[in-house]
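Notes for the one structure printed next.
The values are calculated or read from the model by the stated rules, or taken from the named source; none is laboratory data. Predicted model, so just to flag it, every value in this text is computed and none were measured. Cβ placement follows ideal geometry from the backbone for every residue including glycine, while neighbour counts extend to all protein chains displayed.
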């Protein structure tokens, strides 16, 4: 019987469990044996393998995080440990490795292809939604909903005290979460790494909103631009001459990663997992699953390497229009 293995690597994202469930159940539907690898590439090196049957993945579709666990594994950067990983896979009789991860995970897995000719299937997940080659990555919708829910609550305090609130969201190199959350929450200013603008524009936007009768403001900033604290301190100084109730900041942090995945993330994760198994059965290997124009497709794994996916500039302009 053909045997496949599945692991989750890198940062956790809502919808991982739904995707694992889909791979396991699709595998068994097509008469494959499925092995789960705990703790990502670390478990690959240390042979933390568990057999997974359909009932083993019951009641996890609604859970955040990953029940297979994840870990950063520096040893995987070294050839000798990658060799150990492949030897463990082959000793177990595993024919292909399904990696649910982001850019770094895909590049690590691709080394197993290049160095040892071991088949790999990549399934994209990251709350940042910045994996090149796919319109969507598992976890993004939930992360944005978590951010918007928090910003909506912060707005209540901002309105009550006529304050300026700076809300820092995740996104060290990517502004997808900040931009989507900014549009959905009606933020007055949204700052993302891809399209930066100077501080005087931020100040002017807040003052213009005040002239229009708005006595509070929300500024959403991706962590890759600056810290919420830094922005708040500068704004506090710049806005001293004006009658605001002060400037405060809030760092949303890891709450964006956790919690029950949204319906959209559950469905996409399920579609990705089943499609990945079906592509493998149809003879495809060394591919990544992708969402493109609403359809699930497969592409060569290398498509995602060395390229930067940026938010749509028209969405950035939309955000500016809606702040009037």
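For the structure I just gave you, tell me whether residue 123 is touching a helix residue (DSSP H, G or I) at 6+ places or on another chain (Cβ under 9 Å), under 30 Å from residue 93 (Cβ atoms) and not in a helix (DSSP H, G or I). Please lay out each step first, then the result.
Values: touching a helix residue (DSSP H, G or I) at 6+ places or on another chain (Cβ under 9 Å): yes; under 30 Å from residue 93 (Cβ atoms): yes; not in a helix (DSSP H, G or I): yes.
Judged against the criteria, residue 123 is a match.
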Helices (runs of 4 or more DSSP H) contained entirely in the stretch 194-301, each with at least 2 residues that are outside the structural domain of residue 100 (by TED's automatic domain parsing), surrounded by 16 or more Cβ atoms within 10 Å (Cβ to Cβ) and in contact with a strand residue (DSSP E or B) (Cβ under 6 Å, 6 or more places away or on another chain): 199-211, 228-238
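Among the residues of the stretch 107-129, write down those that are within 9 Å of the chain's Cα centre (by Cα) and closer than 12 Å to residue 10 by Cβ.
Narrowing the stretch 107-129 to residues within 9 Å of the chain's Cα centre (by Cα): 124-129.
Within the stretch 107-129, 124, 125, 126, 127, 128 meet the criteria.
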Yes/no for residue 65 being closer than 23 Å to residue 290 by Cα and modelled with pLDDT under 95: no
Yes/no for residue 31 being surrounded by fewer than 18 Cβ atoms within 10 Å (Cβ to Cβ) and either closer than 22 Å to residue 274 by Cα or assigned by TED's automatic domain parsing to the domain that holds residue 276 (or both): yes
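Please specify each residue of the stretch 133-171 satisfying the condition of being in a loop (DSSP other than H, G, I, E, B) and touching a strand residue (DSSP E or B) at 6+ places or on another chain (Cβ under 8 Å).
Here is the first cut: in the stretch 133-171, the ones in a loop (DSSP other than H, G, I, E, B) are 133-137, 139, 162-163, 170-171.
Scanning the stretch 133-171 gives 133, 134, 135, 136, 137, 139, 163, 170, 171.
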Failed condition for residue 11, given (1) within 25 Å of residue 131 (Cα to Cα); (2) in contact (Cβ under 8 Å) with a residue 40 or more places away in the chain; (3) touching a strand residue (DSSP E or B) at 6+ places or on another chain (Cβ under 8 Å): (3)
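In the stretch 66-94, what residues are under 28 Å from residue 254 (Cα atoms) and crowded, with 18+ Cβ neighbours inside 10 Å? Before the answer, list the steps.
Filtering the stretch 66-94 for residues under 28 Å from residue 254 (Cα atoms) gives 66-77.
Within the stretch 66-94, 66, 68, 70, 73, 76 meet the criteria.
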